[in-house]
Amino acid sequence: MAFRLMQQIVDHLEHRFPPDTLIYSMTTNGALLDRYAEFLVEKKFELLISLDGNRENSAYRVFKNGKPTFDTAMAAACPRHPAPAARRGPRAAAGAVVLM
């Protein structure tokens, strides 16, 4: 996720337009959602979580260390999905595409 770029874009837009007129949306696989949840909730991002289906179907979506992203993404997006409590943070539900 190009988080710094996203912050810069949001900052630029909020200096150009009244913040209450802006709507942010983002598509993400949810793997790093817990890291950025506070910012996303603060800015009222609408999120679309992209999954390839169930845990087995998402086997190719992995972190750099090779561990699957499915449980992390589900824990960030769905409070009922079993995951360690330490991984859970602020919640955002379901869409921003940053074009580079």
Inset, instruction - Quick one: residue 48 ticks every box in (1) of a type outside the set (Val, Ile, Thr); (2) in a helix (DSSP H, G or I); (3) in contact with a strand residue (DSSP E or B) (Cβ under 9 Å, 6 or more places away or on another chain) except a single one, so which number is it? - result: (2)
Legend entry - Filtered residue count, the range 1-23, keeping only those that are under 17 Å from residue 35 (Cα atoms) and of a type in the set (Phe, Trp, Tyr): 1
Inset, instruction - Would you confirm whether any residue within the range 67-75 is at pLDDT below 80 and touching a helix residue (DSSP H, G or I) at 6+ places or on another chain (Cβ under 6 Å)? - result: yes
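Among the residues of the range 1-12, which ones are within 20 Å of the chain's Cα centre (by Cα) and surrounded by 10 or more Cβ atoms within 10 Å (Cβ to Cβ)?
Going residue by residue through the range 1-12, those that are within 20 Å of the chain's Cα centre (by Cα) are 1-11.
Answer for the range 1-12, where residues must be within 20 Å of the chain's Cα centre (by Cα) and surrounded by 10 or more Cβ atoms within 10 Å (Cβ to Cβ): 1, 2, 3, 5, 6, 7, 8, 9, 10, 11.
The values are calculated or read from the model by the stated rules, or taken from the named source; none is laboratory data. Computed from a predicted structure; not experimentally measured. Positions of Cβ are backbone-derived with ideal geometry, glycine not excepted, and every protein chain shown enters the neighbour counts.
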